[in-house]
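A short write-up of the structure that comes next.
The values are calculated or read from the model by the stated rules, or taken from the named source; none is laboratory data. It should be emphasised that the depicted structure is a prediction, and the values quoted were computed from it without experimental measurement. Here the Cβ positions follow ideal geometry from the backbone for every residue, glycine too, while neighbour counts run over all protein chains shown. Quick note on the areas: whole protein, heavy atoms, side chains included, nothing else; ligands and nucleic acids left out. Shrake-Rupley method; radii C 1.70, N 1.55, O 1.52, S 1.80 Å.
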Amino acid sequence: MSAGNRDVDVQLDVTLIARWQRGDQRAASELVERHAQALARFAAAQGVREGVEELVQDTFVRAFNSLESFRAESSLRTWLFTILKRLMLDRQRADRRAKSQVELDEGHAVQEFNALDGLVADEAMQRVRQAVDRLSPLQREVFTLRVTEGMAYTEIARVVGSTEGACRVHYHNAMRAVKEYLSDD
Amino acid sequence: MTDCPNGTVRDLLPEYAHGLLEGNEAALVAEQVAACAMCREELALLGQVNEGLTRGAPRVDVAAIVRALPTAATPRLAQTTSRRWVSRHVWQYATAAGLILVAGSGIVWKYEPDGQVTRVADSSHVATTAADVAPSAASMSADEGITFGGGLSDLSVDDLQLLLGQMDSLRTLPSTDPQSVTPVIAINDGGKTL
């Protein structure tokens, strides 16, 4: 696979990081601008309904606090997604603990989920969202990164902590499931 | 919706949709998409899913995120370095103060260039031998001998700085712990020595 455009993107990030390290705060703005929306998209696609912006902000704060140790072995974007995924897992664990404390019932959670899904006005778009929501968490992560970011399997494997081959299988299974759900109409 | 049997092209469709392919690969996929209705359908579906997920995502406030970020690395590095410098020198000054206290109790030592230590004045509390300090003394050059005695408080700031610099080159410092002494007391008690 040709990686020309991807390399240009990676190189631009490296240049911006170097500028920020030399004291140019505008480079930080450019980096956030380049990646923040993609991170928010990923978090929302994984079912995060509240505090998406906070998650994205925490991701950047963590990343910038350890940019000195960033070795560019993977692209900055892949690294940011990896941090975000870890933060989402932490939050899920915390939410689960909190839920078991207040004993929220299942119905309440489903109701909240459906109500917020109404934010997607277009019915066709809602169907697409529902098709994606029905995927297993791992399938959904792989599918989202591939479809919304065009991310390569090697990068996806880094983010989700799996292998390139397994990610390819997950993607094609997810695509089949989405097609089946949408053709049921 | 059925799948195109050309798995290679189907696998490249997401990258093609994002314009990430170049050269032969881009041409191969373009050709296949033009000729295959199933590939066109899948490409359209990819666009639909992408749009659905993008529209469903909240907009983030880039400026707010940037405000929360740490400032650029260069000043932070400088701050860290300066903090290290301070902590290092605090210990040096503390050590110097300790030495001044010891010296104030009446000990006078002279480090000779040949690595020997000569006791110049007596002390009833501290005793040490040349062997105790030989390794550190050996690390000093002939013209770096340190001589200090009596009231070190008489030393100027420059002298103290010189002393600190030379302390850096010492691998160990002479022990200031008193050595154990077995008392030998002779008491003549009516012709008998006890």
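Mind checking which helices (runs of 4 or more DSSP H) fall wholly inside region A:1-84 and carry at least 3 residues that are under 24 Å from A:GLY161 (Cβ atoms) and modelled with pLDDT of 95 or more?
Those helices (runs of 4 or more DSSP H) span A:25-45, A:52-65.
Test A:ARG93 against the stated conditions and say whether it is more than 10 Å from every other protein chain (Cβ to nearest Cβ) and over 14 Å from the mean Cα position of the chain (by Cα). Let's see the steps before the verdict.
Working: more than 10 Å from every other protein chain (Cβ to nearest Cβ): yes; over 14 Å from the mean Cα position of the chain (by Cα): yes.
Criteria met by A:ARG93.
So for region A:142-164 (the condition being polar (S, T, N, Q), open to solvent by less than 30 Å² (accessible area, probe 1.4 Å) and within 11 Å of another protein chain (Cβ to nearest Cβ)), does at least one residue qualify?
Initial filter on region A:142-164 (polar (S, T, N, Q)): A:144, A:148, A:154, A:162-163.
Right, trim to open to solvent by less than 30 Å² (accessible area, probe 1.4 Å) and you get A:144, A:148.
With within 11 Å of another protein chain (Cβ to nearest Cβ) added as a condition, the list becomes A:144, A:148.
Yes, that holds for at least one residue.
Does any residue of region A:26-35 turn out to be crowded, with 20+ Cβ neighbours inside 10 Å and within 22 Å of A:ARG146 (Cβ to Cβ)? Before you say what the answer is, go through the steps one by one.
First, pick out the residues of region A:26-35 that are crowded, with 20+ Cβ neighbours inside 10 Å: A:28, A:31-32, A:35.
Filter once more, keeping what is within 22 Å of A:ARG146 (Cβ to Cβ): A:35.
Yes, the conditions are met somewhere in region A:26-35.
Go through region B:64-88 residue by residue and tally those that are at pLDDT 75 or above and either open to solvent by less than 50 Å² (accessible area, probe 1.4 Å) or under 30 Å from A:ARG134 (Cα atoms) (or both).
6
Tell me, which residue of region B:1-18 that is in a loop (DSSP other than H, G, I, E, B) and either facing another protein chain (nearest Cβ under 7 Å) or touching a Lys or Arg at 6+ places or on another chain (Cβ under 8 Å) (or both) is farthest from A:ALA152 (Cα to Cα)? Talk me through it step by step, then tell me what you get.
Step one: list which residues in region B:1-18 are in a loop (DSSP other than H, G, I, E, B), which gives B:1-6, B:18.
Next cut, either facing another protein chain (nearest Cβ under 7 Å) or touching a Lys or Arg at 6+ places or on another chain (Cβ under 8 Å) (or both) only: B:1, B:3-4, B:18.
On the way: B:MET1: 25, B:ASP3: 21, B:CYS4: 21, B:HIS18: 12 Å.
Ranking the candidates gives B:MET1 first.
State the number of residues belonging to region A:166-185 that are more than 15 Å from B:LEU46 (Cα to Cα), in contact (Cβ under 8 Å) with a residue 12 or more places away in the chain and open to solvent by 10 Å² or more (accessible area, probe 1.4 Å).
Going residue by residue through region A:166-185, those that are more than 15 Å from B:LEU46 (Cα to Cα) are A:166-170, A:184-185.
From what is left, the residues that are in contact (Cβ under 8 Å) with a residue 12 or more places away in the chain are A:167-168, A:170, A:185.
Imposing the further condition that a residue be open to solvent by 10 Å² or more (accessible area, probe 1.4 Å) reduces the set to A:168, A:170, A:185.
Counting residues in region A:166-185 that are more than 15 Å from B:LEU46 (Cα to Cα), in contact (Cβ under 8 Å) with a residue 12 or more places away in the chain and open to solvent by 10 Å² or more (accessible area, probe 1.4 Å) gives 3.
Table: residues versus (1) within 20 Å of B:PRO70 (Cα to Cα); (2) among the small types (Gly, Ala, Ser); (3) without any contact (Cβ under 8 Å) to a residue 12 or more places away in the chain.
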residue	(1), (2), (3)
A:ASP7	no, no, yes
A:GLN11	no, no, yes
A:ALA38	no, yes, no
A:PHE42	no, no, no
A:VAL48	no, no, no
A:GLU54	yes, no, yes
A:ARG62	yes, no, no
